[in-house]
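Notes for the one structure printed next.
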Amino acid sequence: MTNCTKKNVYIIGHRNPDTDSVVSAAAYARLKAESGETDCIAARAGKITPQTEYIFNRFKVPVPVYVPDLIPKTSYYMSGGCETVNEHTSLWGAIAKMEDCDKKALPVVDDSGKYKALLHYNSFARSVLHLLDPQKQTAVLTSASLIQSTLNAQPLITKDADTLIKSSILVAASDFESFKKMLDSHKTENLIVIAGDRADVHEYCIEAKIRTLVITSGFVLKKELREKAEKAGLSVLASPYDTSSTAMLIVYSTPVIATADTSTNPVKATDRLVKVRPLLAQSPSRCLPVVDDDNKVIGLIEENDLVHEANIEAILVDHNELSQAVEGIENYNIREIIDHHRLGSITTKQPITFINKPVGATCTLVANLYREKRISIPRDIASILLCGILADTLGLQSITTTDIDRETAEYLSNITDLDISNLEADITTASSQLDAITTGEIIRQDMKEYKEGKFAFTVSQIESANPDRLLSRKKDFIKDLDIERRAHNAVFSALMVTDITRLTSILIAAVDPTYSQVIDFPKQEENVYVLADIVSRKKQLVPLLSEQVEKLG
């Protein structure tokens, strides 16, 4: 069973995204839009790095939207907007609207659209049964204007038409003397009298100054009584219905807020399903209104919505491992994967487009998809794609760089008129502004988690023209790396600091004392290891670390 609501497709990179990941999402979303696929949204699963921020600001490209997680939420399953009814609408009008919408519930809102209550058949039935209780005198909270609209009555005289008063209803069905006795036993200022074509009853009601006189079957007030009625200050309405139908409909003229369920609280679009499911089960109507932060109604979620597929899907760029994907991705349909890393653990429900090639950057793959589809690359997108390639290949110097990356970078350089060497220098300068960033933020801004059998480890990477400056903060790095190690229940958490001028790296690591010998690289000092000629986390470091972790099993 599928939900007919239009789906949003998030094009999203890995957690703690680097420049290649964020640029790939933005560029591929633009390609989808150029191809007529307007449902795709560029997204990112974490905070952007200073390098990435510089690139997007420089070329004035909107940064992909922040999606911290894809844990199932209300907005992913609700079937779009819904009709609402104003709190001052008559119950009759509200029920008619609910029937037109073919919904079992209808949110009741105030004049500004803010949620007040929920009208559903249970609340409606309870209220009407209370009003029609033969053991009690029928009293209805209503106004002359509500009665008029409910009956489609012809207003003859109106006085304080919008004033709501709890009024008793008296039907003039007995002989005149009996009627007089019944009327005299009521507080006439709060009395609604329903009468047919009986001038004596009309005149007595006017003299008694009742609140509202409703004349049935289309009859009207005699002309000689009109002036008296106006002076007496009552409202007179001509109902097109017979007496019994008129009496019944007046009961439904009460404002809907008086009969709706005020005990049903709304949920927000951002509420997780784990919270919403039990609330839906407890709701008499098995549905709940959905509101925004201002308490304005934006939709309705029903229990049946939860058996449909979510109204979002995903396209993954620059990763294909579950441990690196945005949290909750396993709950949704993955349409495509575009990546340049090793194959990971993500499985899909059906065949998908899976592009995985051994190149230096996902941006290389995205740029060439434009070319394969014969769609011209907008200059701003070509500019950030070039930056993405340079950032992920250390200015085309990394061991992961291929001829395809070099050719693609040259192509993008030509169509943007950007000099590769100058642009690389600018990117390097932007990425080296690390003094104002905490060690914890540096570790998390490009951290990836890996698993080998039952063992997990994390590796972050930072590029710098002055790695000694970072090493001077070693004590803080070790402290924050150990926090990450314990949070991930990992054997170790490490930070790879790559010297972009010498094309070599060092590794700062916090290791579980039980596995103190797991990292088998030359030590520069305690917790710091020399990675001679290693610059690629993906192609050089992680395979070596994986081998070392495998030996623990």
ask   = Which members of the range 425-446 meet the condition of being surrounded by 15 or more Cβ atoms within 10 Å (Cβ to Cβ) and over 15 Å from T52 (Cβ atoms)?
value = T439, G440, I443
remark   = Picking from S376, S345, S398, the residue that is touching a residue at least 24 places away in the same chain (Cβ under 8 Å), over 22 Å from L316 (Cβ atoms) and not hydrophobic (A, V, I, L, M, F, W, C) would be S398
message = Looking at the range 22-76 only, could you name the residues that are in a helix (DSSP H, G or I), open to solvent by less than 30 Å² (accessible area, probe 1.4 Å) and farther than 28 Å from S464 by Cβ?
response = Y28, A29, L31, K32, T74, Y76
inquiry  = Conditions first: (1) at pLDDT 85 or above; (2) of a type outside the set (A, V, I, L, M); (3) in contact with an Asp or Glu (Cβ under 8 Å, 6 or more places away or on another chain); (4) outside any helix (DSSP H, G or I). K103 passes all but one, so which condition is the exception?
reply    = (1)
key: Within the range 529-550, tally of residues that are aliphatic (A, V, I, L, M), open to solvent by less than 20 Å² (accessible area, probe 1.4 Å) and under 18 Å from A510 (Cβ atoms)   = 5
task = Considering only the range 85-95, state which residues are part of a helix (DSSP H, G or I) and under 17 Å from S145 (Cβ atoms).
result = L91, W92, G93, A94
request  = Could you tell me whether L316 is in a strand (DSSP E or B), in contact with a strand residue (DSSP E or B) (Cβ under 9 Å, 6 or more places away or on another chain) and either in contact (Cβ under 8 Å) with a residue 12 or more places away in the chain or at positive phi (or both)?
outcome  = yes
task = Collect the residues in the range 380-412 that are hydroxyl-bearing (S, T, Y) and either within 18 Å of L369 (Cα to Cα) or touching a Phe, Trp or Tyr at 6+ places or on another chain (Cβ under 8 Å) (or both), keeping them in residue-number order.
result = S383, T402, T408, Y411
query = Which is surrounded by 15 or more Cβ atoms within 10 Å (Cβ to Cβ) and either at pLDDT below 95 or farther than 30 Å from L544 by Cβ (or both), of I375, I338, I315, I355?
reply = I315
task = Go through the range 378-435 and give me each residue that's under 34 Å from the mean Cα position of the chain (by Cα), among the small types (G, A, S) and within 29 Å of A33 (Cα to Cα).
result = A382, S383, G388, A391
key: Residues of the range 102-123 that turn out to be within 24 Å of K6 (Cβ to Cβ) and open to solvent by 40 Å² or more (accessible area, probe 1.4 Å), as a count   = 3
task = Filter the range 524-553 for residues that are part of a helix (DSSP H, G or I) and in contact (Cβ under 8 Å) with a residue 24 or more places away in the chain and give the result.
result = R537, K538, K539, Q540, L541, V542, L545, S546, Q548, V549, E550
note = Screening I194, I206, I210 for residues that are assigned to a loop (DSSP other than H, G, I, E, B), in contact (Cβ under 8 Å) with a residue 24 or more places away in the chain, open to solvent by less than 60 Å² (accessible area, probe 1.4 Å) and at negative phi leaves only I210
key: First in the range 73-98 and within 15 Å of T254 (Cβ to Cβ), second anywhere and hydrophobic (A, V, I, L, M, F, W, C) and assigned to a loop (DSSP other than H, G, I, E, B), Cβ under 9 Å, 6 or more apart   = V85/A260; E87/A260; H88/L164; L91/A260; A94/A260
query = If we scan the range 258-270, do we find a residue that is under 18 Å from N331 (Cβ atoms) and buried (at least 20 other Cβ atoms within 10 Å of the Cβ)?
reply = no
message = Please verify whether L306 is more than 16 Å from G13 (Cα to Cα) and not charged (D, E, K, R), treating the condition exactly as stated.
response = yes
remark   = Of the residues in the range 251-295, those that are over 21 Å from P72 (Cα atoms), of a type in the set (G, A, S) and not in a helix (DSSP H, G or I) number 4
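The values are calculated or read from the model by the stated rules, or taken from the named source; none is laboratory data. Quantities reported herein were computed from a predicted structural model and do not represent experimental measurements. Neighbour counts are summed over all protein chains in view; Cβ atoms, including those assigned to glycine, are modelled from backbone coordinates with ideal geometry. Note: accessible area is taken over every heavy atom of the protein model, side chains too, but ligands, DNA and RNA are not part of it. Shrake-Rupley method; radii C 1.70, N 1.55, O 1.52, S 1.80 Å.
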